[in-house]
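Report on the structure given below.
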Amino acid sequence: MKVGFVGLGNMGSGMAANLLKAGHEVTVYNRTASKAKALVEWGAHYAAHVADACRGEAVITMLSDDKAVERVAFGEDGLIKALGKGAIHISCSTISVALSEKLAEMHGAAGQRFLAAPVFGRPDAAASGKLFIVAAGAPGDLKACQPLFDALGPKTFHFGDKAPSANLVKLSTNFLIASVIEALGEAMALVEKGGLNPQQYVDFLTATLFAAPVYRTYGGLIAGKKFEPAGFAAPLGLKDVRLALAAGESLRVPLPLASLIRDRFLALLARGGESLDWSAIAQLAAEDSGLKSTQAAVG
């Protein structure tokens, strides 16, 4: 397929590279043009403006937050004005349900199509083509874009014909991941304060009752205090929990644990943790317990 790709951050660069490897014709755009250099050397076309990435059958956006997506979609040379009739905008970003609804409405009014397809996986999974994709939109559009999804990961999960459904799944699941991080932090502070080795504890958990990848990945990061460089930065974690809370408020679903985790992220950022991985909220439990090793890791 002839596809544009907008947003070449930690995740987007690997995703665009895998589209190229799969034989798709890819045109890339990023606000910081230097991030496109390697992809252009591998065969991508360079877009000087967002509109230049909108000449194909589809355009994928992988951006940090609602504001970035709004700027790209609704700007003077943005997607709404630049995409051709029948072209598809595939939003892989983690955005609010409300913005997804607006994008679906405005693309439809412009004679374009819209899919929400947020992804699960850290930058290493993006680079190796091992992302899991949650997609929603018109069945025909999902089928047409399946070759793109196949280049990004081994499995695509379809959640119906309403695009915002995929965003709700993404936000609820990121809230679950953050909950696991918080719970791991508390449990590991407890055993470490009791004189046990935290990595040995993680090895036990992941070999028995908690063998899921989320426990292996984040348990290892927490035990080793490996919070830099960030695979998923703490401010983005705060953003996602806030979006989950907003969705809960809209649907009148109380999320008391999400409120607690939001405050954990605020506390981490107040201590200067903007550059740390979001798993660093786990260290706040260690700090609360008086473990002396924590100050260097968080502050």
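Since every read-out is calculated from the coordinates, none of them should be taken as a lab result. What you are looking at is a predicted structure, and each value in this text was computed from that prediction instead of being measured. Using ideal geometry, Cβ is built from the backbone for each residue, glycine included, and neighbour counts are taken over all protein chains shown.
Among the trypsin sites (Lys or Arg not before Pro) in segment 86-136, none is located in a DSSP loop while being surrounded by at most 14 other Cβ atoms within 10 Å of its own Cβ. Remark on residue 45: its backbone amide H falls under 5 Å from those of 26, 27, 28, a criterion applied only to residues 5 or more positions apart or on other chains, H modelled at 1.01 Å from N.
Simple spin-label estimate for residue 266 and residue 288 gives 1.5 nm between the two label positions (7 Å along the Cα-to-Cβ direction from each Cα). Distance from the alpha carbon centroid of segment 109-147 to that of segment 41-59 works out to 18 angstrom. All C-alpha pair distances within segment 2-162, sorted into 5 Å bins from zero, spread as 2, 10, 21, 25, 23, 14, 4, 0 percent across the bins. Measuring nothing but alpha carbons in segment 1-82 and taking Rh as the Kirkwood radius, the Rg to Rh ratio lands at 0.93. Stokes-Einstein diffusion for the chain, with the hydrodynamic radius set to the Kirkwood value over Cα pairs and evaluated at 20 °C in a medium of 1.002 mPa s, equals 107 µm²/s. Here the Kirkwood formula puts the hydrodynamic radius of segment 79-188 at 14.7 Å, using every distinct Cα pair.
Computed over segment 152-272, the Cα gyration tensor eigenvalues convert (square root of 5λ each) into semi-axes of 28, 19, 14 Å, ordered from largest to smallest. For segment 208-216, just list the computed ³J(HN,Hα) in residue order, Karplus coefficients 6.51, -1.76 and 1.60, θ = phi - 60°, integers in Hz, with x standing in for Gly and Pro. Those phi angles translate into 10, 7, 10, 8, 5, x, 4, 6, 5 Hz. Averaged over residues, the count of other Cβ atoms within 10 Å places the peptides 15-24, 254-263 in the sequence 15-24, 254-263, highest first. Shown in residue order for segment 23-29 are the 3J(HN,Hα) couplings computed by the Karplus curve 6.51 cos²θ - 1.76 cosθ + 1.60 at θ = phi - 60°: x, 7, 8, 10, 10, 10, 9 Hz (x for Gly and Pro). Among 193/225; 35/170; 85/239, which pairs are too far apart, with a Cα-Cα distance over 21 Å? From the list (193/225; 35/170; 85/239), the Cα-Cα distance tops 21 Å for 35/170; 85/239.
In sequence order, segment 188-204 has phi-based couplings of 6, 5, 5, 6, 5, 5, x, x, 8, 7, x, 5, 4, 5, 4, 4, 5 Hz under the Karplus curve 6.51 cos²θ - 1.76 cosθ + 1.60, θ = phi - 60°, and Gly or Pro positions carry x. Here each label is just a point 7 Å from Cα along the line to Cβ, and for residue 150 and residue 203 those points are 4.1 nm apart. Run the helix sum for the chain: -39,500 (n - 2.57) per DSSP H stretch of 4+ residues, divided by residue count, reported at 222 nm to the nearest 500 deg cm²/dmol. Estimated from H runs of four or more residues: -16000 deg cm²/dmol.
Summary value for segment 149-254: 30 percent relative contact order, contacts being C-alpha pairs under 8 angstrom separated by 6+ residues. Looking only at GluC sites (Glu not before Pro) in DSSP loops with at most 16 other Cβ atoms within 10 Å, what is the longest site-free stretch of the chain? Answer - 77-273. Of 197, 30, 167, which has the largest mean-square fluctuation in a 10 Å C-alpha GNM of the chain? So, out of 197, 30, 167, the one fluctuating most is 197.
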